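Enquirer: Dropping a structure here in structure tokens format, bear with me for questions.
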Amino acid sequence: SENQNTVVLGDSGGYQVATGKLTVTPKKREELFQWLICYCDAAMTLDIPVWALDKGTMRGYNNFSDCLCTTLEHLDAFVDMGARNHRFLNVLHGRTRDESDVWYEAVKGYGLYGWAIGGGITAPSGRGDNASFSDMLRRILIMLGDGMFDRDQVWIHFLGVGDLKTALLLTTLKNTLNNLLPTCAVEITYDTSSPSQTARFLSGYCLPMISPFSLAYGKEGIDKELWADNTELLPFKASTISQYASKGDIILETLGGEYITRELAYLILENNNVEAMVCSIDAAHQLLNSDLTRDQLNQIFPYHLLDAQDAIEKVLKQKTLIKAQEVLMSPITQLHLGNAYKNVKRIIH
């Protein structure tokens, strides 16, 4: 609705299948579907992640074909239950470019609301000399050629992505697509477990590190001895809860002299980490969208990141898809996309 200020995006359970914690039966599949349409604004379709084959944690799936065929069975079942009447995102997987192409060709005809892209896009993917962000951009071009954006709305979600540089790159992708496609509203989202994982290891996000030498979330660890029963407020300074919770709310010293983590500590840290991450993303975007010149931005951000943003725009703004493919695969574009995550080395005199 117009007054709605939250969006619930539902996962399908594919991760639980991958980690061996969920066995899908027809009854369980229907329960998952009903839960997703009841409680979520949008959701992923039920998938069998290919990456889990290399982890050895998934039972009953031995190869790429097993994962794809079972995913197609789940897609058919979701469609039969009415998936096209809801905002379901078709999940894409593949450990190599060939696997990604085979998977995409097999699932692209289901006509769902959008896409969830797995596999990560922050590091070289092992697919020849191509950075994985380059592979993702290649997939977007293929989708454009297949008419996947010939509609009013498309939602693209990136699974397991949440670093600060990727947040800026995906905003560039979203804005460029929306300018390119005036009749199609493109939404891009991403998810990460980093706030929870960071809290689990007793660390908190603080103010971001933004400079030509670094673009990352600030992070501070916890010294249990110094924090135990300490009434000082949390030092993170990037969240509302850090203005009220103390170090002693995290760590307790027992009568026996042991330092233990309090029951609510992880929830307090996770709350801090989520807000600090969102604020860091907002702060980086505000700087990038200010009226600064490119030379001035080069003094604030790693210039490799800015070059990669320019490369994304240049690829998508070509007049034909054939030309866009040529520009994407050109050495200079590959260099810019491949260097996107590099910082400028600090020169010490």
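Enquirer: Consider L137 carefully, then state whether it is closer than 30 Å to K219 by Cα, touching a helix residue (DSSP H, G or I) at 6+ places or on another chain (Cβ under 8 Å), open to solvent by less than 10 Å² (accessible area, probe 1.4 Å) and in contact (Cβ under 8 Å) with a residue 12 or more places away in the chain. Before you say what the answer is, go through the steps one by one.
Expert: Values: closer than 30 Å to K219 by Cα: no; touching a helix residue (DSSP H, G or I) at 6+ places or on another chain (Cβ under 8 Å): yes; open to solvent by less than 10 Å² (accessible area, probe 1.4 Å): yes; in contact (Cβ under 8 Å) with a residue 12 or more places away in the chain: yes.
No.
Enquirer: Continuing with the same structure: Would you mind finding the one in Y113, Y61 that is surrounded by 14 or more Cβ atoms within 10 Å (Cβ to Cβ), in contact with a helix residue (DSSP H, G or I) (Cβ under 7 Å, 6 or more places away or on another chain) and of a type in the set (S, T, Y)? Working first, answer last.
Expert: Working: Y113 fails: in contact with a helix residue (DSSP H, G or I) (Cβ under 7 Å, 6 or more places away or on another chain).
Only one candidate qualifies: Y61.
Enquirer: Could I ask something else about it? If I ask for residues that are polar (S, T, N, Q), open to solvent by 70 Å² or more (accessible area, probe 1.4 Å) and either outside any helix (DSSP H, G or I) or more than 15 Å from T171 (Cα to Cα) (or both), which ones from the range 269-296 would you list? Talk me through it step by step, then tell me what you get.
Expert: As a first pass, look at the range 269-296 and keep what is polar (S, T, N, Q): 271-273, 280, 286, 289-290, 293, 296.
Keeping just the survivors that are open to solvent by 70 Å² or more (accessible area, probe 1.4 Å) gives 271, 286, 289, 293, 296.
Listed by number, the residues that qualify are N271, N289, T293, Q296.
Enquirer: Hey, any hits in the range 237-256 for a residue that's among the acidic types (D, E), part of a helix (DSSP H, G or I) and either touching a Pro at 6+ places or on another chain (Cβ under 7 Å) or surrounded by fewer than 17 Cβ atoms within 10 Å (Cβ to Cβ) (or both)?
Expert: First pass over the range 237-256, keeping only residues among the acidic types (D, E): 249, 253.
Going one step further and asking which of them are part of a helix (DSSP H, G or I), we end up with 249.
Checking which are either touching a Pro at 6+ places or on another chain (Cβ under 7 Å) or surrounded by fewer than 17 Cβ atoms within 10 Å (Cβ to Cβ) (or both) leaves us with none.
There is no residue in the range 237-256 that is among the acidic types (D, E), part of a helix (DSSP H, G or I) and either touching a Pro at 6+ places or on another chain (Cβ under 7 Å) or surrounded by fewer than 17 Cβ atoms within 10 Å (Cβ to Cβ) (or both).
Enquirer: So, in the range 313-334, of the ones that are at pLDDT 95 or above and under 23 Å from L297 (Cβ atoms), which residue ends up surrounded by the most Cβ atoms within 10 Å (Cβ to Cβ)?
Expert: Per the criteria, the residue is V315.
Enquirer: Mind listing just one residue for me: the one in the range 202-235 that is modelled with pLDDT under 95 and in a loop (DSSP other than H, G, I, E, B) and, of those, least open to solvent (accessible area, probe 1.4 Å)?
Expert: P212
Enquirer: Same structure again: Looking only at residues in the range 172-181 that are out of contact with any strand residue (DSSP E or B) (no Cβ under 6 Å at 6 or more places or on another chain) and open to solvent by less than 40 Å² (accessible area, probe 1.4 Å), which one is nearest to L305 (Cα to Cα)? Step through it out loud before you land on a result.
Expert: First, the residues of the range 172-181 that are out of contact with any strand residue (DSSP E or B) (no Cβ under 6 Å at 6 or more places or on another chain): 172-173, 175-176, 179-181.
Within this subset, residues satisfying the condition of being open to solvent by less than 40 Å² (accessible area, probe 1.4 Å) are 172-173, 176, 181.
Numbers: T172: 11, L173: 13, T176: 16, L181: 24 Å.
Checked the range 172-181; the qualifying residue nearest to L305 (Cα to Cα) is T172.
Enquirer: Let me ask something else. Quick check on my filter: what residues within the range 174-196 are out of contact with any helix residue (DSSP H, G or I) (no Cβ under 6 Å at 6 or more places or on another chain), closer than 15 Å to W115 by Cβ and not in a loop (DSSP other than H, G, I, E, B)?
Expert: Within the range 174-196, K174, L177, A185, E187, T189, Y190 qualify.
Enquirer: Of all residues being touching a Ser or Thr at 6+ places or on another chain (Cβ under 8 Å) and not β-branched (V, I, T) in the range 30-52, which is modelled with the lowest pLDDT? Just the residue, please.
Expert: Of the range 30-52, the ones touching a Ser or Thr at 6+ places or on another chain (Cβ under 8 Å) are 32, 36, 43-48, 52.
Subset that is not β-branched (V, I, T): 32, 36, 43-44, 46-47, 52.
Details: L32: 95, L36: 97, A43: 97, M44: 95, L46: 95, D47: 94, A52: 84.
Checked the range 30-52; the qualifying residue modelled with the lowest pLDDT is A52.
Enquirer: With open to solvent by 40 Å² or more (accessible area, probe 1.4 Å), modelled with pLDDT under 95, of a type in the set (D, E, K, R) and more than 24 Å from S100 (Cβ to Cβ) as the only criterion, which of K27, K55, K21 stands out?
Expert: Values: K27 fails: modelled with pLDDT under 95; K55 fails: more than 24 Å from S100 (Cβ to Cβ).
The unique qualifying residue is K21.
Enquirer: Working only within the range 1-18, note down all residues that are part of a helix (DSSP H, G or I) and open to solvent by 50 Å² or more (accessible area, probe 1.4 Å). Before you say what the answer is, go through the steps one by one.
Expert: Looking only at the range 1-18, we keep the residues that are part of a helix (DSSP H, G or I), and these are 14-18.
Hits for the range 1-18 are Y15, Q16.
Enquirer: If R127 satisfies all but one of (1) at pLDDT 90 or above; (2) of a type in the set (K, R); (3) within 26 Å of C69 (Cα to Cα), what's the number of the condition it fails?
Expert: Condition (1) is where R127 drops out.
Enquirer: Counting only residues that are open to solvent by less than 70 Å² (accessible area, probe 1.4 Å) and assigned to a helix (DSSP H, G or I), which one in the range 30-52 is nearest to E99 (Cα to Cα)?
Expert: So the first thing to find is which residues in the range 30-52 are open to solvent by less than 70 Å² (accessible area, probe 1.4 Å), and the list is 32-33, 36-37, 40-50, 52.
Within this subset, residues satisfying the condition of being assigned to a helix (DSSP H, G or I) are 32-33, 36-37, 50, 52.
Values: L32: 27, F33: 27, L36: 28, I37: 30, V50: 9, A52: 14 Å.
Per the criteria, the residue is V50.
Enquirer: Identify the single condition in (1) farther than 19 Å from N175 by Cα; (2) crowded, with 18+ Cβ neighbours inside 10 Å; (3) among the polar types (S, T, N, Q) that T261 does not satisfy, given that it satisfies every other one.
Expert: (2)
So that you can scan it fast, the table gives a plain yes or no per residue for (1) within 27 Å of the chain's Cα centre (by Cα); (2) without any contact (Cβ under 8 Å) to a residue 60 or more places away in the chain; (3) closer than 23 Å to I140 by Cα:
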residue: E258; (1), (2), (3): no, yes, no
residue: T261; (1), (2), (3): no, yes, no
residue: N271; (1), (2), (3): yes, yes, no
residue: S280; (1), (2), (3): yes, no, no
residue: L288; (1), (2), (3): yes, no, no
residue: D295; (1), (2), (3): no, yes, no
residue: A308; (1), (2), (3): yes, no, yes
residue: I312; (1), (2), (3): yes, no, yes
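Enquirer: Out of the range 71-91, which residues are open to solvent by 10 Å² or more (accessible area, probe 1.4 Å) and either modelled with pLDDT under 95 or not in a helix (DSSP H, G or I) (or both)?
Expert: M81, G82, H86, R87
Enquirer: Right, next: When you go through (1) aromatic (F, W, Y); (2) touching a Lys or Arg at 6+ places or on another chain (Cβ under 9 Å); (3) part of a strand (DSSP E or B) one by one for Y266, which number turns out not to apply?
Expert: (3)
The values are calculated or read from the model by the stated rules, or taken from the named source; none is laboratory data. None of the values given here were measured: they were computed from a predicted structure. Every residue, glycine as well, gets a Cβ built from its backbone with ideal geometry; the counts of neighbours run over all protein chains shown. Keep in mind that these areas ignore ligands, DNA and RNA; they rest on the heavy atoms of the full protein, side chains included. Shrake-Rupley method; radii C 1.70, N 1.55, O 1.52, S 1.80 Å.
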